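The values are calculated or read from the model by the stated rules, or taken from the named source; none is laboratory data. Because the structure is a prediction, the values reported are computed rather than measured. Glycine gets a Cβ as well: all are built from the backbone with ideal geometry, and neighbour counts include every protein chain shown. Accessible surface areas use protein heavy atoms only, side chains included; no ligands, DNA or RNA. Shrake-Rupley method; radii C 1.70, N 1.55, O 1.52, S 1.80 Å.
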Amino acid sequence: MDLLVSRLVSGTIHPGAIYSAAALAGDLGISTGPVREAVLSLVQDGVLEVVKNRGYRVVTLSDTDLDEVYEMRCLLEVPAIGNVARRGLSVGELARCSDEIARMGDLVKRGDVNEFLITDKAFHLGIISLTGNSRLVKAVGKLRDESRLYGLDHLARTHELNAANAEHAGLVQAIASMDVESAQVNMQVHLRHTRGIWAARGEE
């Protein structure tokens, strides 16, 4: 599932194009069964739509759709990060976050956008999970996938991934310091970055 979603959000699988489960499985180098299950889950989430007798099409989001996703992410993730900052990070949690940031740094150097996005999602959902709210984690995960269904392949040729990872480091530092205001500001900036650069548009 994560591998298929990473292909979607990186732009490897293009919005508007039609794919079969078999073709996707072949491209990913895995069996059709897991891909079919992942595809049906993404259809339920509204990320893909069924094209009768042809396969599945990636749903293209309008600017209004992206604005709505951005607004919902702000409403959910900014307060959630504030709650996590109030409790701080254990030694083990801080080590996990630091390891993920280091791994993302290595992936940036290799230009591996797909693995970067998988690790990025795990990093963010791992922090959100510290709220203890599993429904919140699920909702945020779905919104994160929806908001990045646009050509991120260009990121491998720019400094945007480095910038995103620097934001990760600042966010973790604020949470570890139990600086609620700074953590929320960092999260807001990161979300704005996602809405602008990662949605194939410049910052507004």
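Pick from the range 1-52 the residues that are part of a loop (DSSP other than H, G, I, E, B) and among the charged types (D, E, K, R): which of them is modelled with the highest pLDDT? Among those residues, the one meeting the criterion is Lys52. Quick check on my filter: what residues within the range 48-84 are of a type in the set (S, T, N, Q) and open to solvent by less than 70 Å² (accessible area, probe 1.4 Å)? The answer is Ser62, and nothing else. Restricting attention to the range 165-183, does a residue exist that is at pLDDT below 95, under 30 Å from Val59 (Cβ atoms) and hydrophobic (A, V, I, L, M, F, W, C)? Among the residues of the range 165-183, not one is at pLDDT below 95, under 30 Å from Val59 (Cβ atoms) and hydrophobic (A, V, I, L, M, F, W, C), which makes the answer no. Counted as qualifying within the range 63-144 are the helices (runs of 4 or more DSSP H) with 1 or more residues that are at pLDDT below 95 and of a type in the set (S, T, N, Q), namely 63-87, 113-128.
Within the range 94-120, the residues that satisfy the criterion of being open to solvent by 40 Å² or more (accessible area, probe 1.4 Å) and among the charged types (D, E, K, R) are Arg96, Asp99, Arg103, Asp106, Lys109, Arg110, Asp112, Glu115.
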